[in-house]
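This report concerns only the one structure given below.
Just so you know, all these numbers are worked out from the coordinates, no wet-lab data involved. In this text the structure is predicted, and so the values were computed from the model without any measurement. Note that each Cβ is placed from the backbone with ideal geometry, even for glycine, and that neighbours are counted across all protein chains shown.
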Amino acid sequence: MAFIASAQYSEESVDVLLRLIAVLSGEDAVKVVKVLLNEKEVSDEVLAEKTGMRLNQVRRILYDLLDKHIVTYRREASERGGYHLYIWSLNGEGLRRMVKERKGHVLNRLRERLLYEQQNMFFVCPNGCNGRVTFDKAMDHQFKCSKCGAILQSFDNSKIIEKLRLRIESLEKDP
Ligand SMILES: [Zn+2]
């Protein structure tokens, strides 16, 4: 199944995908996947050419990506006969599953973070000494800065909450 980035995935999905591949297989694998995103079907020789990597290196990356269900291949008899060409493409099904799983994790983390922001009150020092402290922490210090002793001010986190909400919303909308 062809994996057409622009048609099936938002920029955000492609971004998630590439970051994930960087973590799983390294930056060189990202180069290979970027070519595959544009070309749909490519032989390993062309991949080596386009990425500027050695053929051996490209093949090692491809087998690693194959193992992780990120790419797939088909064999084609060479026109000159005698050997086979390996034509590589992205594994649409495997990628969709991978991106979905990853997004699930990201969404869970964002929802937890949102809950934390909604359920807590925060305080800051007017002189900008430390970061934010929660209500409990502030109370422990009689609402005074632990560094300079200034009276803490309440911190408005509504912008953070709004940002988190929007990010969650956009991830939920994305297929
Ligand atoms: Zn202070």
Next item on the list: With unit charges on the beta carbon (Lys/Arg positive, Asp/Glu negative), name the residue among Gln119, Phe135, Tyr83 whose Cα is farthest towards the positive pole of the charge dipole of the stretch 67-175.
Entry: Tyr83
Checklist line | For the stretch 21-122, Kirkwood radius (reciprocal of mean inverse C-alpha pair distance, Å) | finding: 15.6
Checklist line | With Cα atoms, 0 to 90° folded angle of helix 92-119 axis to the chain main axis | finding: 0
Next item on the list: Above 24 angstrom, tally the Cα pairs of the chain and express them as a % of all pairs, no decimals.
Entry: 55
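Once you charge only the Cβ atoms, +1 for Lys and Arg and -1 for Asp and Glu, what is the size of the charge dipole of the chain about its Cα centre, to the nearest 20 debye?
Roughly 380 debye for the chain.
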Next item on the list: Could you please state, rounded to a whole Å, how far the C-alpha centre of the stretch 111-152 is from the C-alpha centre of the stretch 82-109?
Entry: 43
Margin query: Can you tell me the orientation of helix 55-67 relative to the chain, as the angle in degrees between its alpha-carbon axis and the longest Cα principal axis, to the nearest 10?
Written below: 60
Next item on the list: In whole Å, largest first, what are the principal axis extents of the Cα atoms in the stretch 52-101?
Entry: 43, 21, 17
Notebook entry, point to check: Over the Cα atoms of the stretch 85-175, Rg to Rh with Kirkwood Rh, two decimal places?
Noted result: 1.28
Note to self: As a test of the definition: which semi-axes, in Å, follow for the stretch 127-175 when you take the square root of five times each eigenvalue of its alpha carbon gyration tensor? Largest first, please.
What the structure shows: 33, 10, 8
